[in-house]
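Since every read-out is calculated from the coordinates, none of them should be taken as a lab result. All values derive from a computational prediction rather than experimental measurement. For neighbour counting, all protein chains shown are included, and Cβ atoms are generated from backbone atoms with ideal geometry for every residue, glycine included.
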Amino acid sequence: MAALIRGVALGLWAVVLLQSSVDGRLDLLLRAAFHPLVSSAGGVLLMLAVVQVLVGVRQWGQGADPASRQERRLSMATALIAALLIALPANPSFADLASQRPADDTGNDTLSFVLPPAQRSLTDWVRMLRSQPDPQLFEGDPVRISGFVLPMAEGPPQLARLLVRCCLADATPVGLPVRWPAGEPLPRADQWLAIEGRMAIQNKQLEVVPERNQPIPRPARPLEP
C-alpha cells in the first residue's frame, strides 16, 4: 500500500511539473531558459511513479507492506499538496513580492547598445538612467513602456518590472516614477499598464508624464532577465 501511495504522490508531482510546462504557469515563476529542466524533471518523476505503482501492485498481491505508518502518512501528505497545486495554481502578486525585495542593482549592468527612446522598455530606461544619471540628457524623450503598478512607501506608485536571474526567489524590482494625472484616482497595485508619454524633470529627477495610459493584461512572460 505504501508503494502505491508513493507512486500516486510522484505521479501527481509529475503532473504539476508537466502541466506547468505547457499552460504558461512557469512564465510567472521561472525564466524561460530553465523551463526544459522542469519538463525533464516531470518526465523523470513520471517514470519513477510508474515503477512505484508496479512495486505496490506486487506487494499488494503478496500481502506485504514493509513501510511504517509514518511513511504512509508522509506520502499521503505530499500527494495532497500536489493535488492542491494542480487544482489551485500559483498566482503571485508582483507588487507584494517587490515590496519585500531589496533595492535593485541595475547600476552594475553594462549597456551593450542603446536603443532609440521610443523603443526602450522600462528595464532599458532604468539601466540607461543608472549609466547616465544627468536627467537633462533625457528630458522630453518619448516613452513607451509597460509594467505593473508598484505602491511606494513614500510618494506615488511607480511602474515596475521584476528582473530575475533564475526564478522569483531572486527577483529584483526596478521601477520608474510616474506623474499620474491630477484629479484621477491612483491605479491599484499589481495592475498592468501600457504608458505612452514623455520624460520630464521634477525635483531634479526624471519621471514619466503619461499622454496615454491603458490597462493591459499581464504579459505571458512578465519576468525580465
- Those helices of the chain passing the 15 Å axial Cα length cut-off and the mean Kyte-Doolittle cut-off of 0.0 (DSSP H runs only) are 2-22, 35-62, 69-87
- So which residue, out of 183, 140, 175, gets the largest mean-square fluctuation from a GNM of the chain using Cα contacts under 10 Å as springs? 183
- Could you calculate the contour length gain from residue 139 to residue 218, that is, 0.36 nm times the residue separation minus the distance between their Cα atoms, to one decimal place in nm? 25.5 nm
- Note on the structure: Here the relative contact order (percent) of the chain, from C-alpha pairs under 8 Å and at least 6 apart, is 21
- Item | Nearest-0.05 FRET efficiency for residue 99 and residue 204, computed from C-beta distance (R0 25 Å) | 0.45
- Would you look at the GNM of the chain, springs on alpha carbons closer than 10 Å, and say which of 23, 190, 96 moves the most? 23
- Task: Taking the Cα centre of segment 96-224 as origin, sum charge times position over the Cβ atoms of Lys and Arg (+1) and Asp and Glu (-1), and report the length of that vector in debye to the nearest 20.
- Result: 240
- Note on the structure: The ³J(HN,Hα) series, computed from each phi in segment 209-225 with the Karplus coefficients 6.51, -1.76 and 1.60 at θ = phi - 60°, rounded to the nearest Hz and given as x for glycine or proline, is 9, x, 9, 9, 9, 10, x, 9, x, 4, x, 4, 10, x, 8, 10, x
- Treat each spin label as a single point 7 Å out from the Cα along the C-beta direction, and report the residue 55 to residue 81 distance in nm. 2.0
- In Å³ per residue, the alpha-carbon convex hull of segment 2-91 encloses 87
- Query: How big is the charge dipole of the chain about its Cα centre, in debye rounded to the nearest 20, if each Lys and Arg gets +1 on its Cβ and each Asp and Glu gets -1 on its Cβ?
  - Reply: 740
- Query: Hey, in the GNM for the chain with a 10 angstrom Cα cutoff, which one of 82, 189, 153 fluctuates hardest?
  - Reply: 153
